[in-house]
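A short worksheet on the structure shown next.
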Amino acid sequence: MEAAITILALLFVAFIALGVYATVKAVGAAKRGVDRTITQARRTVEDTTLRAKSFGQTGVAGELAQLRLALRTSMRATQDALHAGVAEDSSLAESVGLFRRLSAHGLELDDELKRLEREPDRATVAALLPQLKERTQRITHSADSLRWAARDRARQFADDDLDALNAQIDIEAGALRHWTVEEQRPQQASGAASQGPGAGATRAHDAGVDWPEPTAGAGNSSTADESWGGPAREEAPQAITAPDPHLRTRYPWQKAARPETTN
């Protein structure tokens, strides 16, 4: 009885621990989802604001907004492309590591551009613009190179897979149409039979081959063989009938054969 109570208590504690763990995981997932939604909303609002500033404002403020917008757009597109490709191609892991190092420089430049937007000294900011543009172009160029290289790699793999698939489909289509091969074989066989035994001689004559005429007489076969360069055939010797051994062997008790008399 005490053992059953102990087992039930352990099961109750296990169920409670499992429930607490599931609750914590659900709360954490919900929190991450909320944070992700808030971050996405904040990013969308900021991008919209930068786009409005780049088109609505002129001078230093508009140029800073254009630089931030170009930087954020390029970095976000490269990040999405690499993270989507590394799930299918593990060789992109090194590219992802390089992009993380590049992102550190990009985030630093974005923060600097954001601070300069609130800078009241516009003359100093205008003097820094050429250097800021050069840094932005270097970072965006590197990000674009990684993004397009990953896309070209994925497209090449897709083309290779499509070529292999087309070859397999062609083989399968030929196997499915096996009756066409079986129909062609009887047609070829009937065409060869319809030509008859004289077809070979006709083809040889059409090809310009002159066959030598056989010599007259059956006894001159050796001469015909010598004309082709082969050895002359000798006439086969006639068979000799072997003597009967009973007639040749004489024994002392045998009598001499008497000649038959005629009446």
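Cβ separations smaller than 9 Å between residues 6+ apart or across chains give the following pairs from segment 149-175 residues that are open to solvent by 90 Å² or more (accessible area, probe 1.4 Å) to residues that are in a helix (DSSP H, G or I): Arg151/Ala81; Arg151/Gly85; Arg153/Gly85; Arg153/Ser91; Arg153/Leu92. Kindly indicate whether Ser54 is open to solvent by less than 70 Å² (accessible area, probe 1.4 Å) and in contact (Cβ under 8 Å) with a residue 60 or more places away in the chain. Judged against the criteria, Ser54 is not a match. Checking the stated criteria, Asp89 turns out not to satisfy the condition of being at pLDDT below 80 and open to solvent by less than 70 Å² (accessible area, probe 1.4 Å). Of the residues examined, Val24 is one that is assigned to a helix (DSSP H, G or I), of a type outside the set (Asp, Glu) and over 45 Å from the mean Cα position of the chain (by Cα). Filtered by the rule that a residue be at pLDDT 75 or above and among the charged types (D, E, K, R), segment 44-76 gives Glu46, Arg51, Lys53, Glu63, Arg68, Arg72, Arg76.
Evaluate the following for Leu50: is it touching a Ser or Thr at 6+ places or on another chain (Cβ under 7 Å) and under 30 Å from Ala127 (Cβ atoms)? Criteria not met by Leu50. Determine if segment 39-55 includes at least one residue that is over 30 Å from Glu117 (Cβ atoms), within 41 Å of the chain's Cα centre (by Cα) and in a helix (DSSP H, G or I). Checking segment 39-55: not a single residue is over 30 Å from Glu117 (Cβ atoms), within 41 Å of the chain's Cα centre (by Cα) and in a helix (DSSP H, G or I).
Residue count for segment 132-143 satisfying the condition of being in contact (Cβ under 8 Å) with a residue 40 or more places away in the chain and closer than 15 Å to Leu67 by Cα: 6. Filtering Leu82, Leu98 for residues that are within 24 Å of the chain's Cα centre (by Cα) and open to solvent by less than 90 Å² (accessible area, probe 1.4 Å) leaves a single hit, Leu82.
The values are calculated or read from the model by the stated rules, or taken from the named source; none is laboratory data. Predicted model only: the values in this text are computed from it and were never measured. Note that each Cβ is placed from the backbone with ideal geometry, even for glycine, and that neighbours are counted across all protein chains shown. The protein model used for the area step is the full one, side chains on, heavy atoms only, and it has no ligands, DNA or RNA in it. Shrake-Rupley method; radii C 1.70, N 1.55, O 1.52, S 1.80 Å.
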